[in-house]
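Engineer: Attaching a single structure in C-alpha cells format; questions to follow.
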Amino acid sequence: MSCFRQSAQVAVARRDDRVFIAQLLGNVVVLQGNATIIWDCVNGSSEEDIVRRVAARAGVPDRDVADEVRVFLSSLCQDGLLIAD
Amino acid sequence: MTQTEWAEHEVAQVRIELAHGVVQLLCDSRRIDALHIKGLALDPELRHPGRVSMDVDLLVRPPHIATLRAALSEHGWQQTGHFSTGSPFEHAENWHHETLGHLDLHRLIPGVGLPPDEAFDAFWGCRSQTPIAQVDCAVPSLDAQALIVLLHAARSHGDHRSRLDVEHVWRTADVTTQRRIRDLVGTMKAEVAFAAAVGGLEDFRHRPDYLLWKVNSSPDAARTTEWRARIKASPGIRSKASLAVRSLQVNRDHLRTLRGREPSRADMVREFMRRLSLATREITSRRGRS
C-alpha cells in the first residue's frame with residue numbers, strides 16, 4: 001500500500017486557508033478549502049488514512065469523499081507535488 | 001492601507017517567500033553556497049515594525065556564481081542587471097522571474113574590506129538556518145545580519161528606512177550586542193562604512209574610501225561627486241581610468257528599466273548627451289561655488 005508525502009522539491013507558503021506551492025521552475029499551485037485539508041493530511045499516510053482523516057475533518061462518511069480524494073492525490077502526484085512511496 | 005492594497009501586499013509577500021524557498025532548493029540541487037540576507041530572511045528581532053521586503057537578496061560564494069547563473073537561467077529567471085551597472089559598488093546583479101519576482105545576486109557586501117572570498121568564508125562559518133516557505137535557508141549569524149543591515153543603511157543616502165534600521169538595529173541594542181557587532185566590524189574590516197551608518201565617519205577622512213561613503217550616506221550627492229568618490233576609492237591606476245571612462249557611459253540596464261523596453265541606439269545617444277551635459281553642469285556649478 002502506497003504512502004504519500006509532500007515533495008521535498010517544493011516551496012510552500014500559507015495565508016489563511018490557502019496553500020501556495022512553488023516548484024523549481026517557479027510554477028505555483030494554489031490549494032484552497034478541501035484541497036488544503038488533503039495536503040495537510042498526506043505526510044507519510046496511506047490513501048485510506050487520508051480518506052479517513054479528510055472525512056473526519058469534513059464531518060462526512062468516508063465513502064462520500066473517497067473518490068474525490070483519490071483523484072486529487074493522483075493529480076498531485078502527476079504534478080510532482082506529492083511522492084507515493 | 002486599503003483592502004486591495006493589502007491583498008496586493010500579501011500576494012507580493014507570498015511571492016517573495018516562495019522565491020526564497022525555490023532559490024534555496026536550486027542552490028541545494030547544485031551544491032551552491034549562498035546566504036539569504038535582508039528582507040524576509042532577516043531575524044524578526046532586527047526588523048522594525050512596518051519593514052517590508054521587495055525582493056530576495058542572496059550572497060553567493062564567488063566561485064559558485066557561474067553555477068547559480070546557469071541554474072537560474074534553466075529555471076525561468078532572466079538577468080535584468082549586471083554587476084558593473086547595478087550600483088557604485090558593483091556588488092549585485094539582478095534577476096527576474098515572471099512568477100517569483102526579483103532576485104539580487106550579491107558577490108560581496110559593500111563596506112566589507114576583506115576580499116569577497118574571505119568575507120564569504122567568515123559569514124558562512126557562523127551561519128545558521130531559518131525556514132522560509134518550508135525550506136531550510138542559510139542565513140548569516142544574528143550579529144552578521146545586524147552588520148549587513150547597518151552597512152546597507154550606510155549607502156542609502158540617509159533615507160527614512162535606513163534611519164529606522166540604524167535606530168532599531170544599533171541604537172536600541174544593548175552594550176554587549178554593540179560590542180560584539182563592533183568586533184565583527186573589525187574582523188570584516190568594515191570600519192569606514194560602519195562609521196557612515198552609526199556616526200564617526202569624519203575619523204576616517206584619511207582613508208581612500210572616505211569620500212565614497214560620505215557621498216553614499218549623504219542625501220544630496222551629485223552624480224559626478226559619486227563617480228569622483230568611486231575613482232578615488234578604486235585601488236589601481238588602471239581601475240581608476242576604467243571607472244573614469246565608464247562614468248559617462250550609458251547604463252543600458254537602467255535605461256531598459258526606465259523605458260520598459262530595449263533601448264534603441266537613439267535612446268543611448270540621447271542618454272549619453274544628457275549625462276555629458278549633466279556632468280558639465282555639475283562641474284560648472286562646483287567651480288562657481290569655489
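Engineer: If B:D183 satisfies every condition in (1) more than 18 Å from B:P110 (Cβ to Cβ); (2) of a type in the set (D, E, K, R); (3) touching a residue at least 60 places away in the same chain (Cβ under 8 Å) but one, which is the exception?
Structural biologist: (3)
Engineer: Among the residues of the range B:3-31, count how many are open to solvent by 10 Å² or more (accessible area, probe 1.4 Å) and farther than 19 Å from A:R14 by Cβ.
Structural biologist: The total comes to 7.
Engineer: Regarding B:E17, is this residue modelled with pLDDT of 90 or more, assigned to a helix (DSSP H, G or I) and more than 8 Å from chain A (Cβ to nearest Cβ)? Talk me through it step by step, then tell me what you get.
Structural biologist: Working: modelled with pLDDT of 90 or more: yes; assigned to a helix (DSSP H, G or I): yes; more than 8 Å from chain A (Cβ to nearest Cβ): no.
So B:E17 fails the test.
Engineer: Still on this structure: Quick one: in the range B:170-184, which of the residues that are of a type outside the set (S, T, N, Q) and not in a helix (DSSP H, G or I) is nearest to B:G199 (Cα to Cα)?
Structural biologist: B:A173
Engineer: Here is a further query. Among the residues in the range B:42-63, are any in a helix (DSSP H, G or I) and over 20 Å from B:D136 (Cα atoms)?
Structural biologist: yes
Engineer: May I ask you to verify whether B:G158 is touching a residue at least 60 places away in the same chain (Cβ under 8 Å), in contact with a Lys or Arg (Cβ under 9 Å, 6 or more places away or on another chain) and surrounded by fewer than 21 Cβ atoms within 10 Å (Cβ to Cβ)?
Structural biologist: Criteria not met by B:G158.
Engineer: Further question: If you check A:L25 against the conditions, is it surrounded by fewer than 17 Cβ atoms within 10 Å (Cβ to Cβ), within 14 Å of another protein chain (Cβ to nearest Cβ) and at pLDDT 90 or above?
Structural biologist: yes
Engineer: Return the residues of the range A:11-22 that are within 14 Å of the chain's Cα centre (by Cα), at the interface with another protein chain (Cβ under 9 Å from one of its Cβ atoms) and either open to solvent by less than 10 Å² (accessible area, probe 1.4 Å) or among the aromatic types (F, W, Y) (or both); say none if nothing qualifies.
Structural biologist: The answer is A:V12, A:F20, A:I21.
Engineer: Here's something else I'd like to know. Report yes if some residue within the range B:110-129 is in a strand (DSSP E or B), over 27 Å from B:P88 (Cα atoms), out of contact with any His (no Cβ under 8 Å at 6 or more places or on another chain) and not charged (D, E, K, R); otherwise report no. Before you say what the answer is, go through the steps one by one.
Structural biologist: Quick first cut of the range B:110-129, residues in a strand (DSSP E or B) only: B:128-129.
Narrowing further to those that are over 27 Å from B:P88 (Cα atoms): B:128-129.
Filter once more, keeping what is out of contact with any His (no Cβ under 8 Å at 6 or more places or on another chain): B:128-129.
This time we only want the ones that are not charged (D, E, K, R), so: B:128-129.
Yes: one or more hits.
Engineer: Looking only at the range B:72-103, filter to residues that are over 20 Å from the mean Cα position of the chain (by Cα) and on the phi < 0 side of the Ramachandran plot; which one of those is least open to solvent (accessible area, probe 1.4 Å)?
Structural biologist: B:H75
Engineer: Here is a follow-up. So, in the range B:73-86, exactly how many residues are touching a residue at least 40 places away in the same chain (Cβ under 8 Å) and not β-branched (V, I, T)?
Structural biologist: Of all residues in the range B:73-86, those touching a residue at least 40 places away in the same chain (Cβ under 8 Å) come to B:75, B:80-82, B:84-86.
Those still in the list that are not β-branched (V, I, T) too: B:75, B:81-82, B:84, B:86.
Number satisfying all stated conditions: 5.
Engineer: Taking the range B:131-142 as the region of interest, how many residues are more than 14 Å from every other protein chain (Cβ to nearest Cβ) and open to solvent by 30 Å² or more (accessible area, probe 1.4 Å)? Write out each step before concluding.
Structural biologist: First, pick out the residues of the range B:131-142 that are more than 14 Å from every other protein chain (Cβ to nearest Cβ): B:138-142.
Remaining after also requiring open to solvent by 30 Å² or more (accessible area, probe 1.4 Å): B:142.
Residues in the range B:131-142 being more than 14 Å from every other protein chain (Cβ to nearest Cβ) and open to solvent by 30 Å² or more (accessible area, probe 1.4 Å): 1 in total.
Engineer: Out of (1) under 15 Å from the mean Cα position of the chain (by Cα); (2) touching a residue at least 40 places away in the same chain (Cβ under 8 Å); (3) farther than 30 Å from B:E74 by Cβ; (4) in a helix (DSSP H, G or I), what's the single condition that is false for B:E167?
Structural biologist: Here B:E167 meets the rest and fails (1).
Engineer: Please list, ordered by first then second residue, the pairs with beta carbon atoms under 7 Å, 6 or more apart or interchain, first in the range B:118-139 and closer than 13 Å to B:D33 by Cβ, second small (G, A, S) and part of a helix (DSSP H, G or I).
Structural biologist: B:F123/B:A144; B:C137/B:A41; B:V139/B:A41
The values are calculated or read from the model by the stated rules, or taken from the named source; none is laboratory data. Just so it is clear, the model here is predicted, and its values are computed rather than measured. Heads up, the Cβs are rebuilt from the backbone with ideal geometry, glycines too, and the neighbour counts pull from every protein chain shown. Quick note on the areas: whole protein, heavy atoms, side chains included, nothing else; ligands and nucleic acids left out. Shrake-Rupley method; radii C 1.70, N 1.55, O 1.52, S 1.80 Å.
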